[in-house]
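First the structure, in the form of structure tokens, and then the observations on it.
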Amino acid sequence: MNFIIFGPPGSGKGTYASRICPKLGIVHVATGDIFRSIVKGSGSCRTSRNDSLAGELKSYMDKGALVPDELVIKLLKEELAKPEAKNGIILDGFPRTVKQAEELENIIKIDAILNINADQGIMIEKISSRRTCDNCGEIYNIADINREINGIRYIMPPMLPKVAGICDKCGGKLIQRADAKEEVVRDRLEIYNQQSAPVLEYFKGKIPFIEIFANEPPDIVAEKALADIKKRFLQI
Ligand code: AMP
């Protein structure tokens, strides 16, 4: 099974995908993570090609701008050619433009879109409160949200490390990513509304949608999404 997890920046795509994938025995393929690992120099072996690629990717990512379609598609194809991807994937962060959506149809067959519905104000707060491990990429969140907007109660407790500022998994330092700063988050949402939201329209009627409502703690949201996937695709 191949899925796309789709939603605005900060809606928790990575958080949900990393909980759902192991339960289905499929892999989480996140273009943002692929790019960050190249930037960090830990992607493939260090070569001058990688160094210039890393510099190019970083210049887009730090501003919250989109990496050009041709480059994203080339790097994604390399990732999907790996044997681990053959059992199924949740694609996170791709497609982000209609051009990427069109290209995807030539690369892999998608069974459904996991579409995250979330309030944009809450997302700005969540993403700018996100802290990421500088070493292993584990994500934490210091925002404690419990309020009602348009009749929907959002209950999103913080995801704190055991020791403030230190990653539970590897002891790395927790940082605020450059693209999690509030002004950059607002720019990313603007880009999402203009360039990525049309991707949903593109897929409507072509691929089944599974709606995810991101107004509860991640474990509960992921559990509900998983139940829905199993019911609709595995008949269990
Ligand atoms: P993410 O972790 O998905 O928020 O991605 C971080 C950054 O990587 C984005 O702000 C973009 O600069 C870049 N990026 C990730 N995926 C794509 C994509 N499909 N198309 C263009 N840029 C991307």
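The values are calculated or read from the model by the stated rules, or taken from the named source; none is laboratory data. The structure presented is a predicted model; accordingly, all values stated were derived computationally and were not measured. Note: ideal-geometry Cβ built from the backbone for every residue, glycine included; neighbour counts use all protein chains shown.
List every residue pair whose Cβ atoms sit under 9 Å apart, with the two residues 6 or more apart in sequence or on different chains, where the first one lies in segment 50-61 and is more than 16 Å from V72 (Cβ to Cβ) and the second, anywhere, is outside any helix (DSSP H, G or I).
N50/G41; N50/G43; N50/S44; D51/G41
Please give the helices (runs of 4 or more DSSP H) falling wholly within segment 10-112 in which 1 or more residues are within 14 Å of the ligand (Cβ to nearest atom) and hydroxyl-bearing (S, T, Y).
Those helices (runs of 4 or more DSSP H) span 13-24, 31-39, 48-63.
If V185 satisfies every condition in (1) touching a residue at least 40 places away in the same chain (Cβ under 8 Å); (2) within 17 Å of G10 (Cβ to Cβ); (3) surrounded by fewer than 14 Cβ atoms within 10 Å (Cβ to Cβ) but one, which is the exception?
(3)
Being within 23 Å of D33 (Cα to Cα) and more than 18 Å from the chain's Cα centre (by Cα) narrows it down to one of P208, P161, P218, so name that one.
Values: P208 fails: within 23 Å of D33 (Cα to Cα); P218 fails: more than 18 Å from the chain's Cα centre (by Cα).
Exactly one residue qualifies, and that residue is P161.
Take I116 and tell me if it is under 25 Å from D228 (Cα atoms) and either assigned to a loop (DSSP other than H, G, I, E, B) or free of Cβ contacts under 8 Å to residues at least 60 places away in the same chain (or both).
On the way: under 25 Å from D228 (Cα atoms): yes; either assigned to a loop (DSSP other than H, G, I, E, B) or free of Cβ contacts under 8 Å to residues at least 60 places away in the same chain (or both): no.
When the stated conditions are applied, I116 does not pass them.
Are any of the residues in segment 69-85 surrounded by fewer than 14 Cβ atoms within 10 Å (Cβ to Cβ), within 21 Å of A214 (Cβ to Cβ) and modelled with pLDDT under 95?
If we filter segment 69-85 for residues that are surrounded by fewer than 14 Cβ atoms within 10 Å (Cβ to Cβ), which is where we start, we get 70, 74, 77-78, 81-84.
Subsequent filtering for residues that are within 21 Å of A214 (Cβ to Cβ) retains none.
The answer is no, given that none of the residues of segment 69-85 is surrounded by fewer than 14 Cβ atoms within 10 Å (Cβ to Cβ), within 21 Å of A214 (Cβ to Cβ) and modelled with pLDDT under 95.
I124 fails exactly one of the following numbered conditions: (1) under 27 Å from I175 (Cα atoms); (2) near the ligand (Cβ under 9 Å from one of its atoms); (3) assigned to a helix (DSSP H, G or I). What is the number of that condition?
Among (1) under 27 Å from I175 (Cα atoms); (2) near the ligand (Cβ under 9 Å from one of its atoms); (3) assigned to a helix (DSSP H, G or I), the lone unmet condition for I124 is (2).
When segment 143-165 is examined, which residues are found to be surrounded by 16 or more Cβ atoms within 10 Å (Cβ to Cβ) and either aromatic (F, W, Y) or within 18 Å of E182 (Cβ to Cβ) (or both)?
Within segment 143-165, the first condition is being surrounded by 16 or more Cβ atoms within 10 Å (Cβ to Cβ), and the residues that meet it are 145, 154, 156, 159, 161.
Correct list: I145, Y154, M156.
Just one of I139, I236, I210 is in contact with a helix residue (DSSP H, G or I) (Cβ under 7 Å, 6 or more places away or on another chain), modelled with pLDDT of 95 or more and under 24 Å from F3 (Cβ atoms); which is it?
Details: I139 fails: modelled with pLDDT of 95 or more; I236 fails: modelled with pLDDT of 95 or more.
The conditions single out I210.
Please verify whether I116 is within 15 Å of the ligand (Cβ to nearest atom), aliphatic (A, V, I, L, M) and either within 16 Å of the chain's Cα centre (by Cα) or under 23 Å from G10 (Cα atoms) (or both), treating the condition exactly as stated. Working first, answer last.
Working: within 15 Å of the ligand (Cβ to nearest atom): yes; aliphatic (A, V, I, L, M): yes; either within 16 Å of the chain's Cα centre (by Cα) or under 23 Å from G10 (Cα atoms) (or both): yes.
Criteria met by I116.
Which residues, taken from segment 153-163, are among the hydrophobic types (A, V, I, L, M, F, W, C) and touching a strand residue (DSSP E or B) at 6+ places or on another chain (Cβ under 8 Å)?
In the first step, residues of segment 153-163 are kept if they are among the hydrophobic types (A, V, I, L, M, F, W, C); the result is 155-156, 159-160, 163.
If the condition is that a residue be among the hydrophobic types (A, V, I, L, M, F, W, C) and touching a strand residue (DSSP E or B) at 6+ places or on another chain (Cβ under 8 Å), then I155, M156, M159, L160 are the ones that fit.
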